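Q: My questions all concern the structure below.
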Amino acid sequence: MENGTFEKLTVLGEGAKYDVSCSSSGADRTNIGRLGNAACAGICHTWTADGRCVSLLKVLLSNDCAYDCKFCVNRRSADVKRCTFEPRELADLTVEFYRRNYIEGLFLSSAVIGSPDRTVELMYKCLWILREEYGFCGYIHAKVIPGVSPELLTQMGLVSDRLSVNMEFPSGESLDRLAPQKKPAQIFSPMRQITQTQLEQRTLKAAGNMKRLRPEGLNVGLGEGNLPDARARAETEDGSGDGGTGTAIVRDRRRRAYRERFAPAGQTTQMIIGATPETDLQIVTLSEALYRRFSMKRVYFSAYIPVAEGPELPSLLTPPPLKREHRLYQADWLLRFYGFRADEILTDEHPFLDVDLDPKVVWALRHLEQFPVEVNRASEEELLRIPGVGNTSVYRILRQRRIAAVTYDDLKKMGVVLKRARFFLTANERYYGDGAWDPSALRARLAPQSPQISLFEAQQHELLVR
Amino acid sequence: MNYLYDDTFEGFLTCVWHHWRTARAEGIFSDRGVYQLDLTRYAQSVETDQAKADIVADAIERKISRWDAARVYRVFCTNEPEKEMKLLRYIRLGFKEGPKIRLLHGHPDVLAVQKAEERFGAEVHRLCGLVRFSELADGILYGAIEPDNDVLAFLAPHFCDRFKSDPFVIHDKRRGKALFAHQRKWEIAAMGEDASVLFSEREADIRALWKQYFGVMETKERHNPKLQRQFLPVRYHKYLTELQG
């Protein structure tokens, strides 16, 4: 290793850590090269002192950015040390870390060096060395630089497991204000190309349980976000488009199997929460649209950590809205694994998620007429909507029901969170909750018992909304 | 009647055979651990017999299922207290209920085995990420672990595929044995606690890079060591390169 590597790794790791995605899941591959494989479930290798996992070596190829996005640590006008990895240097480092089982693969992002195409060429060089010269079969997640040409994106997809294009902000106006050099069209066109290519390859898979989605969900618009391209996406969706937006990949049998597949682990995106005035309703609706239109694997949320000062941005003293981020992820899970629609989770009257209660409980309290649910008779969909009952418990309830009636004690053993669930279900016609059957009484029993903290958080929340 | 066996899987299956054919077992204990003398029961050493073990293994496969036979082995490899009696009860119930036994999540005998197996599976998965290799002077990768359960054989398929071109050793220091593997072939053999290892020249540099990177990746605004420990219990810290001072 060269002497400069230590410093580069420090600076470029620092620059990459605000990308939240760290999953190494979705690709399943045995070692068909010389080193490495990919496990479908993903593997975490360590956890940093903030409790977040490290699975991939997450670095920037360079932080020498041509753009001046106001929220970003690496913006042109910021006074930070600039450096750039040599493609081979980074490939060597990845292999050395991988052999010691420190990491599951590489997450490669970059600042814009000169132009998007030039940046992606350098990133591709590094990934090519890994795949072709070192026979590396581990996981690779590559960040797509908005504005990249379709041909280069195709090449990137062939050496990567997962691609991601960052939304950055939940609406076009915010993007325009805070990252003026990035255009919504530049973000959506690679997203569309990735989805289209996977459709052509028949490798497109929806996120989580989104196969459960009911058909009426298919026509969700992009909400208040006013992001363009809705029409083009609709064409892709119903098959009336020309279908040629993805660059066709001719399969070449001589190539190694991992090169035949275009981004087998799909695509993800992320957006920053709390730097801009969008409501949770807008954010969740946008996520839903991304899942349905592009069959994204994940939409990540990143609580805004003030790294730059500016009239457009929250002050440097603003704490990151971690609780809000947490509730948004819970809502995201409801979309992906529980068959909820965005307009069920949030409404125009309640455009923000409740900080004290998880969104599933909030939904149940608004729809008490559908409860309590008898666990021995309810359908799979109805069971999934009981707070405290997850996919695994539903699966176990359904399996046991075929053999014997499910009792309250069984539920406990199956992993149902009875602390919440007992208010919303009956087992063999018996109700196990206590207290009055109305939303405010139930709410009082389910909400955490610490008024000071929730008051403090409500203030925080208000600050961020403003 | 308490049975004492030699801590092997075959030995345990022989105990199961004797439970049926000779005398009911009230307790089955390994003779490697400390056996608490029980004045109310006779204790008898059971001699491991491959033929008897085969009969029981075969019966489990035929009368319950192949999947349950594998499950019995997985649970046998755990450190679950009184795992032998729990497994015996599971097998007895299995002979009665047949392959549907795995659906009876609510039954206490099934639940006990299922929970032990879950913990075992979780540790295998966790260690797939937590084994840390170091490069030795002759290019071999060496990693030490002290797992709760006897997981070596279950780590083998994952790592043998991943590092098929590199010879590597995973040393279970708690049990004094190690997994030796090269080019997808592997075996488990005894390896002493005090086996000394000589690292390659660049090993220290790579470790320094990794430690630096690990420190940088923490977002200070989100500092949350409690959450870290939840995912990464302290008992695993000992062999993690990034957490060594």
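What follows draws every value from the coordinates through simple rules; no lab data is involved. Please read these numbers as outputs of a predicted model, since none were measured by experiment. A quick note on method: Cβ atoms are made from the backbone with ideal geometry, for glycine too, and the neighbour counts reach across all protein chains shown.
Q: Report the GluC sites (Glu not before Pro) located in region B:55-125 that are in a DSSP loop and have at most 14 other Cβ atoms inside 10 Å of their Cβ, or state none. Numbers along the way, then the final one.
A: Working: sites: B:GLU61, B:GLU82, B:GLU84, B:GLU97, B:GLU117, B:GLU118, B:GLU123; in loops: B:GLU82.
Passing both the DSSP loop test and the Cβ count: B:GLU82.
Q: Another question about this same structure. What do you get for GluC sites (Glu not before Pro) in region B:133-212 restricted to DSSP loop and a cutoff of at most 12 other Cβ within 10 Å of the site's Cβ?
A: Working: sites: B:GLU135, B:GLU187, B:GLU193, B:GLU201, B:GLU203; in loops: B:GLU193, B:GLU201.
Hits after loop and neighbour filter: B:GLU193, B:GLU201.
Q: Roughly what % of Cα-Cα distances in region A:293-375 sit above 22 Å, to the whole percent? Mind dumping the intermediate values first?
A: Values: 1390 of 3403 pairs.
Here the long-distance tail beyond 22 Å is 41 percent of all Cα pairs in region A:293-375.
Q: Enumerate by residue number the chymotrypsin sites (Phe, Trp or Tyr not before Pro) in region A:371-432 meeting two conditions: DSSP loop (anything except H, G, I, E, B), and at most 15 other Cβ atoms within 10 Å of the site's Cβ.
A: Working: sites: A:TYR395, A:TYR408, A:PHE423, A:PHE424, A:TYR431, A:TYR432; in loops: A:PHE423, A:PHE424, A:TYR432.
Here the chymotrypsin sites (Phe, Trp or Tyr not before Pro) that fit, given the DSSP loop and packing criteria, are A:TYR432.
Q: Mind putting together the pair-distance distribution for region A:359-447? All Cα pairs, 10 Å bins, whole percent per bin, short to long.
A: Cα pair-distance distribution for region A:359-447, in percent: 18, 56, 24, 2.
Q: Convert each backbone phi in region A:27-39 into a coupling constant with the Karplus relation 6.51 cos²θ - 1.76 cosθ + 1.60 (shift: θ = phi - 60°), then list the ³J(HN,Hα) values in order as whole Hz, x for Gly and Pro.
A: Whole-Hz 3J(HN,Hα) from phi for region A:27-39: 10, 10, 8, 7, 6, 9, x, 10, 9, x, 8, 10, 9.
Q: Further question: What does the charge dipole of the protein assembly as shown about its Cα centre add up to, to the nearest 20 debye, if the Cβ of each Lys and Arg holds +1 and the Cβ of each Asp and Glu holds -1?
A: Details: 101 positive and 96 negative charges, 273 e Å.
Once rounded to the nearest 20, the dipole reads 1320 debye.
Q: Here's a follow-up. Hey, how much of the P(r) for chain B falls beyond 32 Å, as a percent of Cα pairs?
A: Numbers: 10427 of 29890 pairs.
Tail fraction, whole percent: 35.
Q: In whole angstrom, note down how far apart the Cα centers of region B:1-37 and region A:154-168 are.
A: 57 Å
Q: So who's got an amide H within less than 5 Å of the one on A:VAL54, skipping anything under 5 residues away but keeping other chains? H placed 1.01 Å off N, in plane.
A: Hits under the 5 Å cutoff: A:HIS45, A:THR46, A:TRP47, A:THR48.
Q: Mind pulling the angle between the C-alpha long axis of helix B:83-97 and the longest principal axis of chain B? Nearest 10 degrees, somewhere in 0 to 90.
A: With rounding to tens, the tilt is 60 degrees.
Q: Roughly what angle does helix B:203-216 make with the longest principal axis of chain B, taking Cα atoms, 0 to 90 degrees, to the nearest 10?
A: Taking Cα atoms only, the helix is inclined about 90 degrees.
Q: Still on this model: Report the Cα centroid-to-centroid distance between region A:269-314 and region B:189-243 in angstrom, as an integer.
A: 33 Å
Q: Once the dipole of the protein assembly as shown is set up with Lys and Arg at +1 and Asp and Glu at -1 on Cβ about the Cα centre, which of B:ASN2, A:HIS45, B:VAL169 lies farthest towards its positive end?
A: My answer, from the dipole projection, is B:ASN2.
Q: Find the centroid of the Cα atoms in region B:99-117 and in region A:68-140, then give the distance between the two in whole Å.
A: With region B:99-117 and region A:68-140 each reduced to a Cα centre, they are spaced 48 Å.
Q: Now for a separate question. Show which lysines lie in cross-link reach of A:LYS182 when reach means a straight Cα distance below 19 angstrom and same-chain residues fewer than eight apart are skipped.
A: Cross-link targets: A:LYS70, A:LYS143.
Q: Can you tell me the orientation of helix B:50-59 relative to chain B, as the angle in degrees between its alpha-carbon axis and the longest Cα principal axis, to the nearest 10?
A: 90 degrees
Q: Dipole of the protein assembly as shown (Lys/Arg Cβ +1, Asp/Glu Cβ -1, origin at the Cα centre): which of A:VAL389, B:THR241, B:CYS128 lies farthest to the positive side?
A: Highest projection toward the positive end goes to A:VAL389.
Q: Another question, then. Checking the table A:LYS17/B:LYS211; B:LYS52/B:LYS83; A:LYS17/B:LYS173; A:LYS413/B:LYS226 against a 25 Å threshold on Cα-Cα, which pairs fail?
A: Values: A:LYS17/B:LYS211 15 Å; B:LYS52/B:LYS83 20 Å; A:LYS17/B:LYS173 35 Å; A:LYS413/B:LYS226 27 Å.
Distance filter (> 25 Å) returns A:LYS17/B:LYS173; A:LYS413/B:LYS226.
Q: Let me ask another. At 20 °C and 1.002 mPa s, grab the translational diffusion coefficient of region A:51-95 from Stokes-Einstein with a Kirkwood Rh over Cα pairs, rounded to a whole number in µm² per second.
A: This corresponds to a translational diffusion coefficient of 173 µm²/s.
Q: Determine the dipole magnitude for region B:131-243: charges of +1 sit on the beta-carbon of Lys and Arg, -1 on that of Asp and Glu, nothing else is charged, the reference point is the Cα centre, and the result goes in debye to the nearest 20.
A: Details: 18 positive and 17 negative charges, 90 e Å.
Using Cβ point charges on Lys, Arg, Asp and Glu, region B:131-243 gives about 440 debye.
Q: Can you work out D for region B:2-122 in µm² s⁻¹ from Stokes-Einstein, where Rh is the Kirkwood radius over C-alpha pairs, the temperature is 37 °C and the viscosity is 0.692 mPa s?
A: 226 µm²/s
Q: Sticking with this structure for a sec: Each residue of region B:21-35 in turn: what ³J(HN,Hα) in whole Hz from Karplus with 6.51, -1.76, 1.60 and θ = phi - 60°, glycine and Pro shown as x?
A: 8, 10, 9, 4, 8, 9, x, 10, 10, 6, 7, 7, x, 8, 9
Q: Here's something else I'd like to know. Normalise the Cα radius of gyration of the protein assembly as shown by 2.2 N^0.38 Å (N = residues in it) and let me know the number. Intermediate values should be presented prior to the final figure.
A: Values: Rg = 27.9 Å, N = 711, 2.2 N^0.38 = 26.7 Å.
That ratio works out to 1.05.
Q: In whole Hz and in residue order, list the ³J(HN,Hα) couplings for region B:131-140 that follow from phi through the Karplus curve 6.51 cos²θ - 1.76 cosθ + 1.60, θ = phi - 60°; x for Gly and Pro.
A: 5, 10, 8, 10, 8, 8, 4, 8, x, 6
Q: What residues qualify as long-range amide H neighbours of A:ASP28, i.e. H under 5 Å apart, gap of 5 or more or another chain, H built at 1.01 Å from N?
A: none
Q: Further question: Suppose every K and R has +1 on its Cβ and every D and E has -1 on its Cβ; what is the size of the dipole of region B:2-122 about the Cα centre, in Debye to the nearest 20? Write down the numbers at each step before the final one.
A: Values: 19 positive and 19 negative charges, 116 e Å.
Magnitude of the dipole: close to 560 debye.
Q: For the protein assembly as shown, with the dipole built from +1 on Lys and Arg beta-carbon atoms and -1 on Asp and Glu ones, taken about the Cα centre, which of A:ALA66, A:VAL54, B:THR48 lies farthest toward the positive end?
A: So the residue we want is B:THR48.
Q: Estimate the FRET efficiency between B:ASP58 and B:MET1 by the formula 1/(1 + (r/R0)^6), using the beta-carbon distance for r and 30 Å for R0, to the nearest 0.05. Write out the running numbers ahead of the final one.
A: Values: r = 24 Å, r/R0 = 0.81.
Taking R0 as 30 Å, the efficiency between B:ASP58 and B:MET1 is 0.80.
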